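Accompanying notes for the structure given below.
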Amino acid sequence: MAARIDILAVGTLSRDLRPAFEHYARLLTPLCDFRVREVREYTLHGRAVADVLRDEGRRLSAAWPGRGVVVALAVEGVQWDSPGLASALQGWLGRGGATFVVGGSLGLAPEVLARADEHLSLSRLTLPHQLSRVVLAEQLFRAFKILRREPYHH
């Protein structure tokens, strides 16, 4: 059975970023069973931040995987270099695969963060949530190349 990688994300990608993400998704497909699930993103429109996070969190919880390791993308998460992420990914794949949870523009609800098995930060820089999905897909592809001892960019 192929390694399973899921991205569970709030919102859909903009038409400008979609081609970049799809490029890495195509590269990942031969390496693993790669899937993306999106839940509806809510806008503030006079609502409290906590209410938006709660509603998005409920949708994420309803789509929560029943197997593998759940890794929430979070500012306060662990930061690895690419070989470190590859090593962590290898461990997660050994535990049934990995689901990466990407929040919306407001991040993730505290309940979602508490429920995740791991927290990952892609950078000390603040990245827009849609761009984070592109960076995550590229880094997952890079991690597989490292694990397979295949050349990529150095």
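The values are calculated or read from the model by the stated rules, or taken from the named source; none is laboratory data. What you see is a predicted model; the values in this text were computed from it and never measured. Virtual Cβ from ideal backbone geometry, glycine too; neighbours counted across all protein chains shown. Just so you know, the surface numbers come from the protein's heavy atoms only, side chains and all, with ligands and any DNA or RNA stripped out. Shrake-Rupley method; radii C 1.70, N 1.55, O 1.52, S 1.80 Å.
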Of those in region 74-111 that are closer than 21 Å to Ile146 by Cα and assigned to a strand (DSSP E or B), the residue farthest from the chain's Cα centre (by Cα) is Val78
The lone condition Ala86 fails out of (1) within 22 Å of Tyr24 (Cβ to Cβ); (2) modelled with pLDDT under 95 is (2)
Exactly one of Thr43, Thr29 is within 20 Å of His129 (Cα to Cα) and among the polar types (S, T, N, Q), and that residue is Thr43
Checking Ala72, Ala109, Ala137, Ala143 in turn, the sole residue that is hydrophobic (A, V, I, L, M, F, W, C) and more than 26 Å from Asp16 (Cα to Cα) turns out to be Ala109
Residue pairs qualifying under the 9 Å Cβ cut-off, at least six apart or on distinct chains, with the first in region 5-30 being under 15 Å from Trp64 (Cα atoms) and the second being hydroxyl-bearing (Ser, Thr, Tyr) and in a loop (DSSP other than H, G, I, E, B), are Val10/Tyr42; Val10/Ser105
Counting only residues in region 24-73 that are open to solvent by 80 Å² or more (accessible area, probe 1.4 Å) and assigned to a helix (DSSP H, G or I), the one nearest to Leu122 (Cα to Cα) is identified as Arg26
Scanning region 119-143 residue by residue, the ones that are modelled with pLDDT under 95, among the aliphatic types (A, V, I, L, M) and either open to solvent by less than 10 Å² (accessible area, probe 1.4 Å) or touching a strand residue (DSSP E or B) at 6+ places or on another chain (Cβ under 8 Å) (or both) total 0
